[in-house]
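*Asks:* I have a structure here, written as structure tokens, and I will follow up with some questions on it.
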Amino acid sequence: MTSLWQETAPGIPTDEFEPRAHYDVVIAGAGLTGLTTAMLLARAGKRVAVLEAREVGAVATGRTTGKLSVLQGQQLQRIRSTSGRRVMRAYVEANRAGFDWLLDYASPLEGAVERRNAYSYAGTADGILTVRAEHEAAIEAGLDARLVSPEELPYPSYGAVMLPDQAQLDPLVVLAALAAELRSLGGVVVEGSRVLGLAARPAPVRVATTRGEVLADRVVIATGSPVLDRGLYWAKLKPQRSYVLSFRVPGAAPKGMYLSVDAPTRSLRTAGSGEEELLLVGGNGHGVGRHDSPASCVDDLTAWTLQHWPGAERTHAWSAQDYETPHRVPFSGWMPRGAGRVYLATGYDKWGMTNAVQCALTIAATLTGDEVPSWARTLGRRITTPQALAAGLGANAAVGWWYAKGYARALVHRLDDDAPTAGEGEIGRDGWRVSAASRIDGAECRVSGICTHLGAALTWNDHERSWDCPAHGSRFSAEGEVLEGPATRPLARR
Ligand SMILES: Cc1cc2nc3c(=O)[nH]c(=O)nc-3n(C[C@H](O)[C@H](O)[C@H](O)COP(=O)(O)OP(=O)(O)OC[C@H]3O[C@@H](n4cnc5c(N)ncnc54)[C@H](O)[C@@H]3O)c2cc1C
Ligand code: FES
């Protein structure tokens, strides 16, 4: 489903793919990470190509909630408990650097940014302990955070921590400006070019794409979940999907940006759309491919909004996913087995507006030989604590369980010739092959039901009408095209 940002986005031109062209840097992925890194490198005089599998902003950045904030729910106390105080402070410095850079960049762009206070609030009496712990962590990290009682919410809240002067963005206005500046500096943005793999030795790096090969001295993988299997990042990332809805509401919407610290998560902000102001409501996150009915998550958020803003009228409903690391700090830097020529950034845990930029600043400084900020060195040298290790092991045990459950479900269900019903998708066996059948707008489609990444059985997403992988978060259209995640090959047509 199209997001509000995608529907109102400025046009972003695409450049020609030039087979065998040699660039200083090739970047895979035209989200906030890829385009910010590319533009910083182009400013430093590098010849840069951004290769985008779909369109600019097609995945997380074009479908985000777009809060630009250093106060991030309960992120600081989580990082403090998994990685310690020093790492938490470095994380805050990194996010401040990302915040300052993006605010400076976006402020002159028309309609890109509005300053707002950010609130992490308790929706239950128990939640106030989390609010207090976040306040304490924020103060320890040097933030001007305050304990307050929010007064503009139409439902009870038990207190909040507030950070003043944060901001809300239109992410596609920002991406359009980054792409335009990159092109004005001689860079190219090529849509519809999926990176399939690369050979880092001997130099230069040979990058294979769906449209041919290009050469590069350095490569940056900015594809959300990294598409190369080097470093096994798919085993270290937890893909989490979540929902964002926009509404016309009678009367004034809350001015602040709110995020509940307790379940069910509720995220609020406003957005200008032409003459009117819309209320954005987000939440109901879950593991990718692990919810029986994503459409029911949208229905539930809609019902919740109508309960608290009677007469609200929904204008858009979309979903997106981001990746959580075991220690809640992004992975950024050189990729193993890349001969020091391949870099990556991922794992922003739904806080990519600041984190994508701090990672871009670090990678650009590394590639241009500039001094890398001390916060980046602290984050880069972070050790894996027993808490982070346990979180990673737990996540991988859950993946194993989903492999078993997926195959068991598929093999006991035989697909009929006329399956499934209109608007639905069904996974089952076709003889002894696991197949995925869907019927959308009268068109029946039958594709392999096995993920092309590492072979888990897929599940149907009844909101986005896609096949989603519960193992590492790859997603495919009903016709089998790759939408996102670590997979690079489409599903075979039956
Ligand atoms: C529901 C939701 C709400 C969020 N809200 C906020 C928020 O309020 N504040 C905040 O700070 N963060 C938020 N985030 C997080 C933030 O949106 C993301 O962390 C950020 O947009 C990630 O940017 P990116 O450039 O790394 O990834 P993306 O924007 O996903 O860009 C990756 C690009 O790579 C492309 N690609 C993939 N594979 C290939 C390939 N093989 N070859 C070439 N290209 C490829 C994709 O098509 C995509 O365009 C939210 C995330 C979600 C899911
Ligand atoms: S994403 Fe890894 S098996 Fe599907």
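*Asks:* Please go through (1) modelled with pLDDT under 90; (2) closer than 30 Å to residue 217 by Cα; (3) among the polar types (S, T, N, Q) for residue 421 and return the number of the only condition it doesn't satisfy.
*Replies:* Of everything listed in (1) modelled with pLDDT under 90; (2) closer than 30 Å to residue 217 by Cα; (3) among the polar types (S, T, N, Q), residue 421 misses just condition (2).
*Asks:* Restricting attention to segment 230-260, which residues are within 12 Å of ligand 1 (Cβ to nearest atom) and either part of a strand (DSSP E or B) or surrounded by fewer than 24 Cβ atoms within 10 Å (Cβ to Cβ) (or both)?
*Replies:* Across segment 230-260, the qualifying residues are 239, 240, 241, 242, 243, 244, 245, 257, 258, 259.
*Asks:* Just name the residue that is modelled with the lowest pLDDT out of those in segment 191-229 that are of a type in the set (A, V, I, L, M, F, W, C) and farther than 29 Å from residue 11 by Cβ.
*Replies:* Restricting to residues being of a type in the set (A, V, I, L, M, F, W, C) and farther than 29 Å from residue 11 by Cβ, the top hit is 228.
*Asks:* Residues being among the hydroxyl-bearing types (Ser, Thr, Tyr) and assigned to a loop (DSSP other than H, G, I, E, B): count how many of those fall in segment 1-48.
*Replies:* Result for segment 1-48: 4.
*Asks:* Shifting gears a bit: List, please: which pairs have Cβ atoms under 8 Å, are six or more places apart or on different chains, and start with a residue in segment 301-313 that is assigned by TED's automatic domain parsing to the domain that holds residue 252 and end with one that is basic (Lys, Arg)?
*Replies:* From segment 301-313, the pairs are 302/314; 304/266; 305/314; 312/248; 313/248.
*Asks:* Another question, if that's okay. Only one residue in 68, 129 is crowded, with 24+ Cβ neighbours inside 10 Å and not β-branched (Val, Ile, Thr). Which one?
*Replies:* 68
So that you can scan it fast, the table gives a plain yes or no per residue for (1) aliphatic (A, V, I, L, M); (2) within 27 Å of residue 3 (Cα to Cα); (3) out of contact with any Phe, Trp or Tyr (no Cβ under 9 Å at 6 or more places or on another chain):
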| residue | (1), (2), (3) |
| --- | --- |
| 108 | no, yes, yes |
| 122 | yes, no, no |
| 126 | no, no, no |
| 131 | yes, no, no |
| 139 | yes, no, yes |
| 142 | no, no, yes |
| 150 | no, no, no |
| 171 | no, yes, no |
| 176 | yes, yes, yes |
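*Asks:* Take the residues in segment 306-348 that are buried (at least 22 other Cβ atoms within 10 Å of the Cβ) and among the charged types (D, E, K, R), then tell me which one is modelled with the highest pLDDT.
*Replies:* 322
*Asks:* Which residue pairs have Cβ atoms closer than 6 Å, lie 6 or more positions apart in sequence or on different chains, and pair a first residue in segment 36-58 that is buried (at least 24 other Cβ atoms within 10 Å of the Cβ) with a second residue that is charged (D, E, K, R)?
*Replies:* 39/181; 52/191; 53/194
The values are calculated or read from the model by the stated rules, or taken from the named source; none is laboratory data. Everything numeric here is computed off the predicted structure, so don't read it as measured data. Glycine also receives a Cβ, built like all others from the backbone with ideal geometry; neighbour counts cover every protein chain displayed.
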